[in-house]
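K.L.:
Here it is, the structure in full.
The values are calculated or read from the model by the stated rules, or taken from the named source; none is laboratory data. Keep in mind that what you see is a predicted model, and the values were worked out from it rather than measured. Neighbour counts are summed over all protein chains in view; Cβ atoms, including those assigned to glycine, are modelled from backbone coordinates with ideal geometry. SASA here: full protein model, heavy atoms, side chains in, ligands and nucleic acids out. Shrake-Rupley method; radii C 1.70, N 1.55, O 1.52, S 1.80 Å.
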Amino acid sequence: MRIAVAATTEGAGVLQELTDDGRPVGAPTAVADLAVAMAAREAGDAPRWVWADGSLIYPELLERSVRLGRCHDLALAEALLLAYEGRFGESRWLGAAWARLRGDPVPDEPHREARGAPPTLFEAAADDGAGEAGDLLAPVREVYADQMRRIAATAHPGRFLLMVAAESAGGLAAAEMGHEGLPWSADAHDGVLTEALGPRPVGGARPPRLAELAEAITAAFERSVNPDSPAQVLKAFSAAGVSVRTTRSAELRGVDHPAVPLLLEYKELARLHAAHGWAWREAWVRDGRFRPEYVVGGVVSGRWATRGGGALQIPKAMRRAVVADPGWALVVADAGQVEPRVLAALAGDRGLADAAAAGDLYAALAPSFDGDRARAKIALLAAMYGQTGGEAAPLLALMRTRFPKAFGYVEAAARAGERGQVVSSHLGRTCPPPSDGWRETVAGPADPENDTDGGSGAAARSRGRFTRNFVVQATAAEWALVLLAALRRRLAGRAWRPDAPRLVFYQHDEVMVHTPEALADDVVAEVRAAAEEARKLVFGETPVRFPLDISVVGCYADAK
């Protein structure tokens, strides 16, 4: 069962049942308390909710202790469909999708001052005199029906529908993780910062260790230098007779000057202070929980992003602050060597698939590279990322010979990219097309004798490296997202109780569950089952396995 839903004002809303293809079933119903009405329908019917944008509605429902099982998020689905149809850059919000469907001018997306504000589209519809409940739901109903028709027209409708379902489930999980929050110990956080930076300064001053390094940098250059100013640092190097183009760490490491190790340490500690210092905690940690705002599909490959907070870039040292509540544990699951395994499944390369059945894929490949695990790793990563120089060149020749299907798969994606074509993941996520500037560049003359030229050859090769990796990385993101959706569903039987295991963290190919210690073994079993379910749903009957490293710990820093 599908139920279309729209929030209006002051907690009210409209509901209407739909068929799977979007046709209305019965009349729409206006409800005075949307949260109560949806909770009742969820308990009785467990429908798939169809709504404009879950990020606008679901956080408010969670505040009312309403958790939902399934949804079809029109905004997330529209973004996937627009990309598949080669319409990157077009707006995904409901008002834009409805306008395109009717052939009307596409309105700008309205600014929402609060994340939970009701969709302005419905307020605008009411202002235009369309005040009946059915009129307010028309955009949701009609755009959903249009999306189902467009999904049916894709090359692999079943796969695309799985991707939309997983993306929508990811939207639910993202809101729930933001609501639940990652357990965060203020005492442990203080300990990390004090150990690295010294006691907390007052009045916006530099922490003691940064102040010491700043003085030492000035002494090393024998002139006053503000290490936070790249211009001053470059000027100081120039005065010392050292030519550097940037202050990036990678470039500085190749410079012989006594200020370099001091600058490198300063940059690292300054980054820690800015990204996860005391001010960060005051902004992002409440009631012992770090509550980030995840952006589902925020990267073109399908990986997530965040709106501030740096949830996907928690430094290794800072993981000491992620501490389970008393009597609880953290189940941390990390999938290793995912992208090479995904390539084996995508290409149907039996030799690579057999190696992927082992715990350490690179070690299993080593016999094909004179028993050298390091060379096997270089060869496989070079094939996926397009590295051709140095040691990679002869190893790629071996890769082409020993694993022709895997090598051919990424090579075909690279050649398509070099021609300016788009490529797609296994389920149908499509990469952006090249820019007009790129097309102008590749139309110009190339210098085949110069691999580093900035002309058409360099531009074509660069895009080829992007598409080569996209087909693998985007599919890996799909497998991980399906795993997350499956695990969320498997934990849902307990999710409404306060002593239930909770998903609290997800990044790329890692998930974390905060669970009562007594249920930790059950959660581990559910994680493994979810990974196996994801393997079968995404790839079917592939022999490739996706092993997980799973740790049950009290502190994130103790996980493998």
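K.L.:
For region 45-64, name all the residues that are assigned to a loop (DSSP other than H, G, I, E, B) and among the hydrophobic types (A, V, I, L, M, F, W, C). Before the answer, list the steps.
P.N.:
Here is the first cut: in region 45-64, the residues assigned to a loop (DSSP other than H, G, I, E, B) are 46-47, 52-53, 64.
Result: Ala46, Ala52.
K.L.:
State all residues of region 410-429 that are outside any loop (DSSP other than H, G, I, E, B) and more than 24 Å from the chain's Cα centre (by Cα); if no residue qualifies, say none.
P.N.:
The initial filter retains those residues of region 410-429 that are outside any loop (DSSP other than H, G, I, E, B), namely 410-418, 424.
Answer for region 410-429, where residues must be outside any loop (DSSP other than H, G, I, E, B) and more than 24 Å from the chain's Cα centre (by Cα): Glu411, Ala412, Arg415, Ala416, Glu418.
Yes/no matrix, rows are residues, columns are (1) touching a strand residue (DSSP E or B) at 6+ places or on another chain (Cβ under 7 Å); (2) buried (at least 23 other Cβ atoms within 10 Å of the Cβ); (3) modelled with pLDDT of 95 or more:
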site	(1), (2), (3)
Met1	yes, no, no
Leu18	yes, yes, yes
Asp33	no, no, yes
Ala40	no, no, yes
Pro47	yes, no, yes
Arg70	yes, no, yes
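K.L.:
Okay, moving on. Is it the case that Arg341 is of a type in the set (D, E, K, R), under 24 Å from Thr542 (Cα atoms) and open to solvent by less than 10 Å² (accessible area, probe 1.4 Å)? Explain how you work it out, then say what you get.
P.N.:
Values: of a type in the set (D, E, K, R): yes; under 24 Å from Thr542 (Cα atoms): yes; open to solvent by less than 10 Å² (accessible area, probe 1.4 Å): yes.
Yes; evaluated as a whole, the condition is true for this residue.
K.L.:
Further question on the same structure: What single numbered condition from (1) surrounded by 22 or more Cβ atoms within 10 Å (Cβ to Cβ); (2) part of a helix (DSSP H, G or I) fails to hold for Val5?
P.N.:
Failing condition for Val5: (2).
K.L.:
How about region 175-255: which helices (runs of 4 or more DSSP H) wholly inside it have at least 3 residues that are touching a residue at least 12 places away in the same chain (Cβ under 8 Å)? Step through it out loud before you land on a result.
P.N.:
Values: elements: 186-197, 208-221, 230-239, 249-252.
Correct list: 186-197, 208-221, 230-239.
K.L.:
Within region 356-365, how many residues are open to solvent by 10 Å² or more (accessible area, probe 1.4 Å) and either within 20 Å of Gly408 (Cα to Cα) or not small (Gly, Ala, Ser) (or both)?
P.N.:
Looking only at region 356-365, we keep the residues that are open to solvent by 10 Å² or more (accessible area, probe 1.4 Å), and these are 357-360, 362-364.
If we keep only those that are either within 20 Å of Gly408 (Cα to Cα) or not small (Gly, Ala, Ser) (or both) too, we end up with 360, 362.
Going through region 356-365 one residue at a time, the tally reaches 2.
K.L.:
Considering only region 396-437, how many residues are under 21 Å from Gly297 (Cα atoms) and open to solvent by less than 60 Å² (accessible area, probe 1.4 Å)?
P.N.:
Of the residues in that region, 12 qualify.
K.L.:
Tell me, which helices (runs of 4 or more DSSP H) wholly within region 294-391 include 3 or more residues that are at pLDDT 90 or above and closer than 23 Å to Arg429 by Cβ?
P.N.:
Details: elements: 338-347, 350-356, 361-365, 373-385.
Those helices (runs of 4 or more DSSP H) span 338-347.
K.L.:
Just give me the residues in region 506-560 being assigned to a helix (DSSP H, G or I), over 18 Å from Leu162 (Cβ atoms) and open to solvent by less than 10 Å² (accessible area, probe 1.4 Å), in sequence order.
P.N.:
Ala520, Val523, Val527, Tyr556
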